[in-house]
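**Student:** Below are the structure tokens for one structure; questions will follow.
What follows is calculated from the coordinates using simple rules that are stated; it is not laboratory data. Bear in mind the structure is a predicted one, so any value in this text is a computation, not a measurement. With ideal geometry, Cβ positions are generated from the backbone for all residues, glycine too; neighbour counts draw on all protein chains shown.
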Amino acid sequence: MNNCESELTLLKLSIQRALLGEVTDRLISVTCGLKDRHIEIKAYLSGEPTEEDFERIGSVAGEVVADFPDGYTIAESCLSATNEKEEMLDFWALRKKTT
């Protein structure tokens with residue numbers, strides 16, 4: 001396994017752990033990406049994101065970046081699945097079935 005694959009595996013495990021207890025009925029999907037020691041997390045929600053949604057995803061991001069060595073950066077965003085087309089980064093960490 002090369003370094004890129006092991007980093008991506010660590011990210012997959014980390015985001016799953018960080019999402020425990022943070023998934024609400026409003027959360028539709030979460031996607032993650034990793035490039036050049038920069039992690040990106042996008043959360044898509046039902047309706048407009050609230051302050052609580054931003055806090056939850058910020059907490060998830062803090063948990064994730066803590067699993068990586070110094071020098072990694074992270075950016076997280078909360079988007080409305082109603083107003084935005086869902087775009088997958090490197091992988092889906094969570095994706096609810098839509099009707």
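**Student:** In segment 2-54, what residues are touching a Gly at 6+ places or on another chain (Cβ under 7 Å) and within 15 Å of Lys96 (Cβ to Cβ)?
**Tutor:** Step one: of segment 2-54, the residues touching a Gly at 6+ places or on another chain (Cβ under 7 Å) are 26, 37, 40.
Residue satisfying the conditions is Arg26 alone.
**Student:** Select from segment 17-57 the residues that are surrounded by 14 or more Cβ atoms within 10 Å (Cβ to Cβ), touching a residue at least 40 places away in the same chain (Cβ under 8 Å) and of a type outside the set (A, V, I, L, M) and write down the one among them that is farthest from Asp90 (Cα to Cα).
**Tutor:** Checked segment 17-57; the qualifying residue farthest from Asp90 (Cα to Cα) is Tyr44.
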